[in-house]
Amino acid sequence: MILIDEILVSDDLVKEYFHCNLNACLGACCWEGDYGAPLEDSEVELLKNPDQEILKLLDDTSVNFIQEHGGVAEFKENKSLGANVLPDGKCVFLKKEKNGISYCSIEKAHANGTIPYNKPISCHLYPIRVEKNEHTGFEALNYDEWDICNPACSLGKSLKMPMYKFCKDALIRKYGQEFYNALDDAAQYSNQK
């Protein structure tokens, strides 16, 4: 483990390789799983009643579901608030392209410059998951290993892309440039051994 500013970083983030391979997985992390993407408090407020620019990118099924149930749900099993999911388990903000690849309508609206915020940080960080210990104040960054991401691991290995470097923008968004620089320094030191 690496400790930076009371944040524990799993060695896997430095040692394992990763680079999303949408041509292989088609964005399966957005329709597989048991719960919607975990949301931070500020994201809950933004996504309860999503911006029209997001809704314009979705199909009628998702729009109707959001209008009836909202963009956020409480998942009692793990006591969290997350992006709502359709009855088939698919994220309500997901849209499939004709080529079968899924995209996040929040991320696409942000990339188009029509909204000022990006997709939830938990999605942006993936496959890194943040676990918080309320008693100690520590956060732990862990690798959420999932077989649907095997093609991403293979591509990352062929590109020699460590997971933390693949997630650089998300890590900086969440923790800042100084944190990322410290992590990069620790990774360089660790890899010299």
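Every number here is computed from the coordinates shown, using simple stated rules; none is lab data. Remember, it's a predicted structure, so these values are computed and weren't measured experimentally. We place every Cβ from the backbone using ideal geometry, glycine too, and count neighbours over all the protein chains shown.
Relative to its residue count, the stretch 11-97 spans a Cα convex hull of 138 Å³ per residue. Ellipticity at 222 nm from helices only: DSSP H runs of n ≥ 4 in the chain, each -39500 (n - 2.57), divided by the residue count, give -10500 deg cm²/dmol. When the square roots of the Cα gyration tensor eigenvalues are ordered a ≥ b ≥ c, the ratio a/c for the stretch 41-80 is 1.5 or more and a/b does not exceed b/c, which makes its shape oblate. The P(r) of the chain has a tail past 26 Å containing 35 percent of all C-alpha pairs. In this calculation the C-beta distance from Glu68 to Glu145 is compared with R0 = 45 Å, giving a FRET efficiency of 0.80. So which of Lys95/Lys119; Lys15/Lys165; Lys96/Lys174; Lys56/Lys119; Lys48/Lys98 end up more than 18 Å apart by C-alpha? From the list (Lys95/Lys119; Lys15/Lys165; Lys96/Lys174; Lys56/Lys119; Lys48/Lys98), the Cα-Cα distance tops 18 Å for Lys96/Lys174; Lys48/Lys98.
Fewest-first ordering of Lys157, Lys132 by other beta carbons within 10 Å of each residue's beta carbon gives Lys132, Lys157. In percent, rounded to a whole number, the relative contact order of the chain is 32, using alpha-carbon pairs under 8 Å and six or more apart. Measuring from centroid to centroid over Cα atoms, what is the spacing of the stretch 87-107 and the stretch 117-174 in Å? Each part's Cα centre sits 20 Å from the other's.
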